[in-house]
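> Handing you a structure now.
The values are calculated or read from the model by the stated rules, or taken from the named source; none is laboratory data. A quick note: this is a predicted structure, and the numbers were derived from the prediction, not measured. Here Cβ is always computed from backbone atoms with ideal geometry, including for glycine, and neighbour counts include all displayed protein chains. Calculation scope for accessible area: heavy atoms of the full protein, side chains included, ligands and nucleic acids excluded. Shrake-Rupley method; radii C 1.70, N 1.55, O 1.52, S 1.80 Å.
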Amino acid sequence: METLQKRIKELIGNLQDFYLLSYQGGAGMLRRPFYFRDMIEQMDYAGSGSLVIIVLISLFIGMALSLQLSAELSRLGMKMYTGKIVGISIIREIGPVLTGLVFAGRVGSGMASELGSMVLGHQVDTLRVFGVDPVKKLVTPRILSAILMLPVLTIIGDCVSLLGAYYIAVFVSHQSGTFFWSSIRDILIYENVLAGSIKPFIFGSLIACISCYMGLSTKGGAIGLRRTTTRAVVVSFIAIIVADFILTRVLLYVLGFSV
Amino acid sequence: MIEFDRVSFSYGNRFVLNDLSFSVHENERVAILGGSGDGKTTILKLIIGLLRPDSGKILIDGEDITEKTEDELRDIRIKFSMVFQDGALFDSLSVKENVAFPLREYTGMTEEEIDRKATELLRRVGLEQAVGHMPEELSGGMHRRVAIMRSMAAFEPKMFLYDEATTGLDPVSADVICKLILDISGQGGGFIIVTHKIFDAFRLANRFMFLKGGGIIFDGGRETLLGSTIPEIRIFLRELNVNHNG
């Protein structure tokens with residue numbers, strides 16, 4: 001019983017610290033000094049560094065999805081709807097979630113391990129000794145870079161997925177390319193685009209805040225660092241999936257879709 | 001300058017310092033000795049407000065720092081120059097950028113002036129050739145030299161705090177660091193060095209404190225330390241004999 005109480009207290013304490021760090025990191029965007037150089041470095045790491053892996057994964061997911069749908073829809077005699085269903089799935093759901101998960105695995109883990117090793121190597125303490133606010137210097141640029149780069153990567157990933165889906169639909173499933181693109185054009189309405197584009201901003205801020213929090217609370221040498229990195233990725237994954245469900249529910253309601 | 005008044009500190013359930021009281025003046029050369037985990041580094045972190053005590057007061061120039069905010073502590077921290085164990089250089093910055101870091105944060109110098117000052121500081125410790133190197137390319141001794149220069153780049157501290165400045169270094173590199181510390185303190189400004197290398201402590205300091213079980217079991221000068229019959233201190237003093245005989 002005592003252990004349970006202690007664990008609950010610890011969890012509440014951790015949540016408090018997490019919210020405080022996220023708030024301070026976000027508020028840092030509005031306060032001087034602004035660390036533009038750090039932000040550009042982080043954007044480069046998060047953006048161009050993740051581009052190849054996101055393009056590759058999105059391409060194959062788009063192709064696999066198109067294959068699966070073509071096979072199933074052709075049995076029902078509705079193969080021509082492949083473009084429409086693939087488009088909605090990718091733009092509203094798969095694109096943002098998949099890119100978010102890849103981003104958390106690559107960039108989030110990198111943020112957590114980098115900050116963790118800075119904590120263990122006393123580099124964060126050194127910043128404080130020099131009077132530099134570690135949250136402003138380390139967390140704010142990372143949150144900003146994630147918020148800015150994840151939507152960009154999601155758009156690129158969506159486009160590549162659709163190209164992959166197009167390739168399969170036209171060259172393997174022998175559907176009309178013109179009809180495929182006109183189906184995609186039809187679903188590019190305000191509601192779908194909004195539903196797909198809000199998610200990456202939320203996912204980006206969640207990944208950055210979780211990873212920075214995990215990184216800055218690293219303790220216990222190399223094993224602690226391993227634990228931190230793993231936790232950052234696992235918690236980010238769970239947060240993305242849960243947030244995706246909540247956002248989907250809210251957006252469907254707000255945008256007037258009936259379920 | 002520094003006064004600890006019945007300071008206690010613990011990491012979770014592990015008590016590290018218990019009712020600790022001592023004071024250090026600005027020009028003193030103090031070595032804090034003790035085993036691993038006895039709270040030597042904790043004392044340095046408490047002095048500059050990186051940690052807060054569970055109870056007691058820490059006065060810097062008569063000002064209690066225990067309740068100060070991070071912003072208020074900024075004025076306290078510039079009175080000190082802290083060099084962490086292993087140097088704590090920023091991995092992502094080159095050697096010159098590391099030294100230039102506090103100059104950029106604290107001074108209104110132009111890039112050209114920062115560049116000149118950083119190069120000059122590195123030349124002083126014989127590292128002008130390493131300006132473009134990354135920290136991972138440096139040896140342990142070079143790390144410490146860069147860290148010492150970085151710590152005094154932007155301001156003139158009243159006191160230096162060295163955390164295990166010579167630990168893990170070969171005798172030649174340790175000798176270079178000791179000479180550098182003495183050279184810097186010769187220009188004014190005392191220091192506190194925490195170490196478990198008593199040989200280096202004897203070269204550098206003239207006051208010795210020995211930590212054990214959360215308290216100070218010895219505080220005095222060289223001769224008194226040498227004559228101490230406290231078993232833990234005698235074990236440390238054996239290193240002196242080894243070095244002397246060697």
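> Taking K and R as +1 and D and E as -1, what net charge do the other residues with C-beta under 15 Å from the C-beta of A:R226 add up to?
Around A:R226, the charge tally is +2.
> Would you list A:K9, A:K136 from the most to the least accessible area, probe 1.4 Å?
A:K9, A:K136
> Please give the FRET efficiency for A:M29 paired with B:E113, using the beta carbon to beta carbon distance and R0 = 30 Å, rounded to the nearest 0.05.
On the way: r = 30 Å, r/R0 = 1.00.
The formula returns an efficiency of 0.50 here.
> Separate question: Would you mind getting me the FRET efficiency between A:V193 and A:E41? Use the beta-carbon distance for r and R0 = 45 Å, nearest 0.05.
For A:V193 and A:E41, the calculated efficiency is 0.90.
> Would you compute, from DSSP H runs of 4+ residues alone, the mean residue ellipticity of chain B at 222 nm, taking -39500 (n - 2.57) per run and dividing by the full residue count, rounded to the nearest 500?
-12000 deg cm²/dmol
> Any idea of A:D186's accessible area? Nearest 10 Å², probe 1.4 Å.
100 Å²
> Over chain A, what relative contact order in percent results from Cα pairs under 8 Å that are six or more residues apart?
Numbers: 325 pairs, mean separation 80.4, N = 259.
Relative CO of chain A lands at 31 percent.
> What's the long-distance tail for the stretch A:191-259, i.e. % of Cα pairs beyond 19 Å?
44 percent
> Determine, from the Cβ-Cβ distance of A:Y167 and A:D17 and an R0 of 60 Å, the FRET efficiency 1/(1 + (r/R0)^6), rounded to the nearest 0.05.
With a Förster radius of 60 Å, E is 0.80.
> Measure nothing but the geometry: give the 0 to 90° angle between the long axis through the Cα atoms of A:2-27 and the longest principal axis through the Cα atoms of chain A, rounded to 10°.
80 degrees
> Now for a different question. Expressed as a rounded percentage, what relative contact order does chain B have, with Cα pairs under 8 Å and six or more residues apart? Let's see the in-between values first.
Numbers: 436 pairs, mean separation 64.8, N = 246.
Contact order relative to length: 26 percent.
> Under a straight-distance cross-link criterion of Cα-Cα below 27 Å, which lysines are reachable from A:K84, leaving out those fewer than 8 residues away in the same chain?
Partners found: A:K199.
> While we're here: Near B:I60, within a Cβ-to-Cβ distance under 9 Å, what is the net charge of the other residues, with Lys and Arg +1 and Asp and Glu -1?
Residues near B:I60 contribute -3 overall.
> Enumerate the aspartates and glutamates that A:K9 could reach by cross-link, defined here as Cα to Cα under 15 Å, with residues fewer than 8 away along the same chain left out.
In chain and number order, the partners are A:D17.
> Still on this structure: Say each of B:R203 and A:S182 gets a label point 7 Å from the Cα, pointing the same way as Cα to Cβ; how far apart are those two points in nm?
Going by the 7 Å Cα→Cβ label model, 8.5 nm.
> How many lysine pairs are close in chain B, with Cα atoms under 17 Å apart and the two 8 or more places apart or on different chains?
12
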